[in-house]
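See structure below.
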């Protein structure tokens, strides 16, 4: 089978592991920088070329970074037009990258979420704070990734100051309730198809409320409850993702979804669980794709 991995850096852990897993199973695999792809948009004959040669794959694995979402999803969409199997459709990537849109979709599906508010005018700051239950609360930039642009406001006065400052800069933000009982931890569930294949508990560094591994957090394998597994799988399905990292908080009212990641990193979860997640992704592709004869 011919598998294309759309990634800007072949040396990244996740990209390297996916390539290794595909090669181990006898597939022809190639890492392609999506920003170097040229799209040929023609009647009934869409093409993607890379360094002057046309790309022909049976399946693709998009690893599209947040900073290149527009062009990256255009490349993914072109492969979709060519009938190539894809584990993260372009529309699904776009949904997951828009934090507000994804939360709205998850809310409609009846999935657990932290109480969240969104407003445009600084004159509504007080009402926004009240809507999520007051301070302490979390303020998030819509465009933030890996814990960047996330602020814990411990008092109402601090919340008002941060919200007003962001709005003066014309930044779009979400305001969410602070889940105290989570204790600075969250759960990452790695979904492949219709099941969770691995899960880890992430804990923030001392004095840090964010548990992101990029910010010094630690991770260990954890066993999910039936409700957590069901929530993770349904969240991925709601956004249209066949491969997803679903981040949840453990609360007194059940699992609450923080975010659904369309390009989840594999290093932390493979390292903490010792599970061959990359291999399971390749096996999933094998079960859904008939390799071409060419």
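Derivation of every value follows stated rules applied to the coordinates shown; laboratory data play no part. No experiment lies behind these values; they were computed from the predicted model shown. Using ideal geometry, Cβ is built from the backbone for each residue, glycine included, and neighbour counts are taken over all protein chains shown.
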**Complete:** Note on the range 113-208: alpha-carbon gyration tensor, axes a ≥ b ≥ c; rule is a/c under 1.5 for rounded, else prolate if a/b larger than b/c, else oblate; result prolate
**Item:** C-alpha center-to-center spacing [the range 21-50, the range 85-115] in angstrom
**Value:** 26 Å
**Message:** Cut-off is 10 Å between beta-carbons; in what order do 199, 287 appear when sorted fewest neighbours first?
**Reply:** 287, 199
**Request:** State the Cα centre-to-centre distance between the range 154-205 and the range 245-264 in whole Å.
**Result:** 10 Å
**Request:** Quick one: among 67, 262, 107, which has the greatest mean-square fluctuation in a GNM of the chain with alpha-carbon springs under 10 angstrom?
**Result:** 67
**Prompt:** Per residue of the chain, what 222 nm ellipticity follows from adding -39500 (n - 2.57) for every DSSP H run with n ≥ 4, rounded to the nearest 500?
**Reply:** -9500 deg cm²/dmol
**Fill in**
In degrees, nearest 10, the alpha-carbon axis of helix 226-239 is tilted away from the dominant principal axis of the alpha carbons of the chain by 70 degrees
**Item:** Residue with peak Gaussian network fluctuation, the chain [Cα springs, cutoff 10 Å], from 162, 192, 87
**Value:** 162
**Request:** Output the peptides 221-227, 99-105 sorted from most to least packed, where packing is the average of other Cβ atoms within 10 Å over each peptide's residues.
**Result:** 99-105, 221-227
**Angle in degrees between helix 69-81 and the longest Cα principal axis of the chain, rounded to the nearest 10** = 40 degrees
**Complete:** When the chain is treated as a Gaussian network with springs between alpha carbons less than 10 Å apart, the largest mean-square fluctuation among 63, 123, 188 is found at 123
**Item:** Using alpha-carbon coordinates, inclination of helix 99-108 to the longest axis of the chain, degrees
**Value:** 90 degrees
**Request:** Report the calculated FRET efficiency for residue 101 and residue 123 (r = Cβ-Cβ distance, R0 = 35 Å), to the nearest 0.05.
**Result:** 0.90
**Complete:** Which of (1) 48, 28, 19; (2) 36, 22, 16; (3) 31, 22, 19 is the computed semi-axes √(5λ) of the Cα gyration tensor in Å? It is (2)
